[in-house]
Amino acid sequence: MTLALVGGTHRTVPLALRERLAFSAEQAAAALARFRDRFPGREGVLLSTCNRVEFYAAGETGAEPPAADQLVAFLAECRGIEAVQLEPVLAREHDAGVARHLFSVASGLDSMVLGEPQILSQVKQAWALAQDSRTAGPLTGGMFQAALRTAKRVATETALGRERVSLPSVAVADFASAVFERFDDKRVLLLGAGKMAAETLRYLRQAGARDVTVVNRTAGRAVELSARLGARPGRFDELVAELAAADLVVSTTGATEAVVTLDAFRRVEARRDGRPLVVLDLAVPRDFDPLIGGRPGVWLYSVDDLAAACEANRRSRQQEMPAAWAIIEEETGRFMGDLHHRSTAPVIDQLRAGWSETGEAELERLFRRLPGLDDAQRGEIRQAFERYAAKLLHPPLASLRSESRAGPPHGLLDALKRLFDLKD
Amino acid sequence: MLEFISGISVVCFVASYTVALACEVSRLAFRSGVRGAALVGFAAAGLVAQALFLGWRAVNAAALPLSSPFDWYLLAAWLLAAGSLWLTLTLPRTPIGLFLLPVVLLLIGAAQLSSREPFPQSPATQIWGAIHGLFHLAASVSVALGAAAGIMWLIQAGRLHRKRPPLQGFRMPSLERLANVTNRTIAIAAWTAAAGFASGIVLNAVNRQRGLLETVPWTDPVVLRLGGLVAWLIIADALAHATRRRPGAARLTAWLSLVSLAVLTLSIVWGVFGVTRHGMPPAGRDEPVAPSGEAAP
């Protein structure tokens, strides 16, 4: 075994236990320092996010990574939890399973929101912390580099992370941004103080929105909310004027019936000079009469409309899963092939050294018998010997590399050792 | 190298543009990591081949771009293909070629059906011929670009109206940007077409005075079709301008841009199959003047 993993996620570990198991950055650094002392010569990386705690360990032959039970006990000890509490909820993987899991985590396939990109930066942070703590090494280095490459491929070759799945992000990115090219010259009106308003405004701010007005039936609440959101408070009794001036409305009032009726909107329409209006009606019941959506130049979206778009995006992400898994399998195979091939390095080095030694001895003997050779001729003969040796060595080395793709090439290595009398 | 350039034919760049168009169409069917590179590669190859073809004709056939209907159409197609490639590079997720490359192929088709004989010209008429040809070229390219923006506006608006998320690989620019493009291109097309028509009148007068070319009568099909196109474009621009502050103005402009393309297409078809005295030497004159200038078809 070269690679080992124990870990739990939001799927396997109850929230209460996950909270106790989670590591802060300082705690993670301390845990890695402890790991370095406890298991010298082994590599370790700790990935701790709000949804998962995973410990990746690795070690070369002769210094294998700790067994899964040891890792569980180690995590329990670090967080002051009884190991018996963790044993049933922490998953265990080894070798190819570890690489496959890490690649799927980095690609967002194991996330609560499928395809979410934040996990990739958390994986990078975990790797950086391991480097700082001197528990990183060539094995985990290769694996984490491969994980980043896999995540990049999944992101570019599939649409897994492209479709938005939260209501506010879909509202802004898929609808409002499809109407308006830019938001820094648009007036945004927040109507009401529902919890979705602030979240939607966050996306609008990211898109460049600056001019934001908050209107609420309770003036004090509008002032409070606008102070919190860096917006301008407006007056509810001037709603028609505010609507006439707005380009985009986010409506989240708690009203029990429509705040803006079709008749009221007709008065607004006359004052808008034909400018398009996007209305994100996130209130339930709806704040805008649905008939307003039929007016020319008005793009009205209710919670149900946006939820349907979110669901379509989720389905779209799900459809990308086979393609994403195919990439992960391909990269896992490639990484494990490299890892297995790496184990053949000592044998290859011995083989090369033996051939080189024999070749040098023969060359020396030849040069003694042909003292009339000048340096150029000697160089030519030496190069011919080296080319000959390289060509003879190529087939067994190619066979080793090819065999490594399917697993550790123990049979071939034994055969080479016996055929060429190589010692361990 | 010269042998290679001389071997380039219309088929070469038509094939390249067709493959690029097929790449655009395939966006609707499946995702691909190499399609973008293939699309840009084939479009660029077509563009280079067409440029070499036009250059070869300019050097060896004494046929400067715009000097015959064939060359005029090919130059218009080249400009649109260049615009399509540039927009593809700047907006890689927008299938711009899907809307522009068919027009490019249509123009090349019109070129194939048109005369390759350069218009007889002299230095006296060269400047007016160039102005006439260039203004009509600008008008035609503007109409095609505006129509592409217009159809994208309608597709985007249809998607927003149905409240559907955007199709993968089929993202359109915002309605605001598309409406700006359609408005501007309609205005540019109207004014350049009008200027082209006016310069044609001047060119006709110069020809009449010098007896270089046949005088084109007001009832000539070329005059009628270009006059019709100019009249429509001015009406379209006036309509777009008059309704710009009304709700739904952008939709009207999008439709106007599409109708403009239809009128331009009709004008081209009429030009290809109609009988004209446009660009002909005077009756009874056997030896045309050495070609060296420019003119619109």
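Listed by chain and number, the lysines whose alpha-carbon sits under 30 Å from that of A:Lys423, ignoring those within fewer than 8 places in the same chain, are A:Lys391. When +1 charges are put on Lys and Arg Cβ atoms and -1 charges on Asp and Glu Cβ atoms, the dipole computed for the protein assembly as shown relative to its Cα centre reaches about 1400 debye.
Within the shell of other residues whose beta carbon sits under 14 angstrom from the beta carbon of A:Leu75, the net charge comes to +2, with Lys and Arg scored +1 and Asp and Glu -1.
Beyond 18 Å, the tail of the calculated P(r) for region A:167-307 holds 48 percent of the Cα pairs.
Taking only the Cα atoms of region A:226-313, the ratio Rg/Rh comes out at 0.97, with Rh defined as the Kirkwood radius.
Taking Cα centre as origin and charging only the Cβ of basic (Lys, Arg, +1) and acidic (Asp, Glu, -1) residues, the dipole magnitude of chain A rounds to 460 debye. Sorted from longest to shortest, the spans of the Cα atoms of chain B along the three principal axes equal 66, 53, 26 Å.
Based on the reciprocal of the average 1/r between different C-alpha atoms, the Kirkwood radius for region B:73-117 equals 10.9 Å. Averaged over the residues of peptide B:243-250, the number of Cβ atoms from other protein chains lying within 10 Å of each residue's Cβ is 5. Cross-link partners for A:Lys124 among the lysines, with Cα-Cα distance under 28 Å and sequence neighbours closer than 8 places in the same chain left out: A:Lys152. Between the alpha-carbon centres of region A:173-214 and region A:34-112 there is a gap of 43 Å. Rg over Rh for the protein assembly as shown works out to 1.13, using Cα positions for both radii and the Kirkwood form for Rh. For Cα pairs less than 8 Å apart in space and 6+ apart in sequence, what is the mean separation divided by the residue count of region B:67-200, i.e. the relative contact order in percent? Across region B:67-200, relative contact order equals 33 percent. Projected label points at B:Val269 and A:Asp304, each 7 Å from Cα along the beta carbon direction, are separated by 4.5 nanometres. With neighbours defined as other Cβ atoms within 10 Å of a residue's Cβ, the residues A:Ile292, A:Ile81 order from fewest to most as A:Ile81, A:Ile292. Charge dipole (Cα centre; +1 on Lys/Arg Cβ, -1 on Asp/Glu Cβ; no other charges) of region B:1-142 amounts to roughly 440 debye.
The residue list A:Ala159, A:Ala57, A:Gly333 was ranked by how far each Cα lies along the charge dipole of the protein assembly as shown toward its positive end, using unit charges on Cβ atoms, and A:Ala159 comes out on top. Taking only the C-alpha atoms of region A:49-198, the Rg (one decimal) and the largest Cα-Cα distance, Dmax (whole number), read 20.6, 67 Å. Using the Cβ-Cβ distance between B:Arg162 and B:Arg93 with R0 set to 30 Å, the FRET efficiency from 1/(1 + (r/R0)^6) comes to roughly 0.90. Considering only A:Gln70, A:Phe23, A:Phe39, and ranking their Cα positions along the charge dipole of region A:1-75 that arises from unit charges at the beta-carbon of Lys, Arg, Asp and Glu, the one farthest toward the positive end is A:Phe23. As a rough guide to protection, the peptides A:349-362, A:202-215 ranked by mean Cβ packing within 10 Å, highest first, stand as A:202-215, A:349-362.
Over chain B, calculate the relative contact order: mean separation of alpha carbon pairs under 8 Å at least 6 apart, over the residue count, as a percent. Each step should come with its number before you reach the end.
On the way: 466 pairs, mean separation 74.2, N = 297.
Relative contact order for chain B comes out at 25 percent.
Which of B:Thr182, A:Thr140 comes first, and how do the rest follow, when ranked by fewest Cβ neighbours within 10 Å?
Sorted ascending by nearby Cβ count, the order is A:Thr140, B:Thr182.
If the convex hull of the alpha-carbon atoms of region A:88-135 is projected onto planes in all directions, what is the mean projected area in square nanometres?
Working: hull surface 16.7 nm².
Result: 4.2 nm².
Rg and Dmax over the alpha-carbon atoms of chain A stand at 32.0, 111 Å.
Sort A:Lys186, A:Lys417 so the one with the fewest other Cβ atoms within 10 Å of its own Cβ comes first. Walk me through the numbers before you get to the answer.
Details: A:Lys186 23, A:Lys417 15.
Ranked by crowding around the Cβ, least crowded first: A:Lys417, A:Lys186.
Where a number appears in this text, it was derived from the coordinates with a stated rule and is not lab data. No experiment lies behind these values; they were computed from the predicted model shown. Note: ideal-geometry Cβ built from the backbone for every residue, glycine included; neighbour counts use all protein chains shown.
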